[in-house]
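The values are calculated or read from the model by the stated rules, or taken from the named source; none is laboratory data. All figures in this text were calculated on a predicted structure; none of them were measured in a lab. Note that we place each Cβ from the backbone using ideal geometry, even for glycine, and neighbour counts take in every protein chain shown. For the accessible areas, the whole protein counts, side chains as well, though only heavy atoms, and no ligand, DNA or RNA atoms are used. Shrake-Rupley method; radii C 1.70, N 1.55, O 1.52, S 1.80 Å.
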Amino acid sequence: MLSPSLECLRSTGWTPWFTSPHSRPSGSLWRSPSSTTRATCRGTLTLLQVMREAGVHRLVYSSSATVYGAPQYLPADEQHPTGAGLTNPYGKTKYFCEQVMQDLAASDKEWRLVSLRYFNPVGAHPSGRIGEDPLGPPNNLMPFVAQVAVGKREELSVFGDDYNTPDGTGVRDYVHVVDLAEGHVMALDKAFSKSFRGYASYNLGTGRGVSVLEMIEAFCRASGKPVPYRVVGRRAGDVASVVASCSLAEEQLGWRARRDLQEMCEDAWRWQKLHPNGFRSCQ
Ligand SMILES: CC(=O)N[C@H]1[C@@H](OP(=O)(O)OP(=O)(O)OC[C@H]2O[C@@H](n3ccc(=O)[nH]c3=O)[C@H](O)[C@@H]2O)O[C@H](CO)[C@H](O)[C@@H]1O
């Protein structure tokens, strides 16, 4: 199993490797926690093993704000404890992989490992040609809202309005996918910089919290379409608020999110409107 990957790594030699979440997780991860663990942990461990065998030591890793669990303070910075009170299996796998990378970096000074803790990636490429195409009903908020706006689904279920937040609905730090992509370029620069060795993690968010109701309102404004919704019970594993402190990424990577909520909604809507059936609409 390892040999084709090993060959590929050896031939490229210097290439840093990314590993991404196997899919946008959420409700589905509760239905099959063991496959989430298998896909995320086994894939990362195999990749690290193959990299070591091939003498490739640079990696930009896709981690998640979920490693903070229910945050003890906000905005959560990189010093915030991780691993305690994790609310879902996906967060546990990301925490575990981060721990393995820290141990590797401590055991061998050749490693240069950069872990990016994504907050809530949303939006689409501004061209409207690349966007999110969930398989089945979307588990995450923005793609669901987009499918309601385009008429594919009747209404959104708002998971709880009794949280300790300004309007009672969950607050998250949504970040435009293009900002996120730019964060990866900066992280690559870091992995290649002469002064960097070992392991570092960075939050990628905006530092601004947005509630579910604010998101619905912003999407209606961007699309000019209504988004009917109904408040239902809380979703298992959800926390009230998660907001990033991104000053470390700004200081050490030179990265800052530049796109606001309106732009996230406009770009997601452009993609959804042009591709009501996702990538199948491209054929
Ligand atoms: C519990 C859970 O699975 N958390 C995952 C979900 O985080 P999040 O729960 O942060 O993201 P999300 O987009 O699923 O939900 C954002 C907010 O919208 C609310 N909401 C969401 C969908 C919906 O149909 N109605 C609704 O009200 C939800 O309760 C939350 O307050 O996605 C992240 C990636 O982006 C991480 O993978 C998290 O592990």
Given unit charges at Cβ for Lys, Arg (+) and Asp, Glu (-), the dipole magnitude of the chain about its Cα centre in debye, nearest 20, is 680
Quick P(r) readout (the chain; Cα-Cα; 10 Å bins; whole %) gives 6, 27, 35, 23, 8, 1
Over the chain, with neighbouring protein chains present, the accessible area per residue in Å² at probe 1.4 Å is 48
In whole Hz, the Karplus estimates of ³J(HN,Hα) for segment 212-227 (6.51, -1.76, 1.60; θ = phi - 60°; x where Gly or Pro) are 4, 5, 5, 5, 4, 4, 5, 5, 4, 5, 5, 9, x, 10, x, 10
The farthest towards the positive end of the charge dipole of segment 163-218, of the residues Thr165, Ser193, Asn203, given +1 on Cβ of Lys and Arg and -1 on Cβ of Asp and Glu, is Ser193
Non-local residues with an amide H under 5 Å from the amide H of Val158, with H modelled 1.01 Å from N and Pro and chain starts lacking one, are Arg230, Val231, Val232
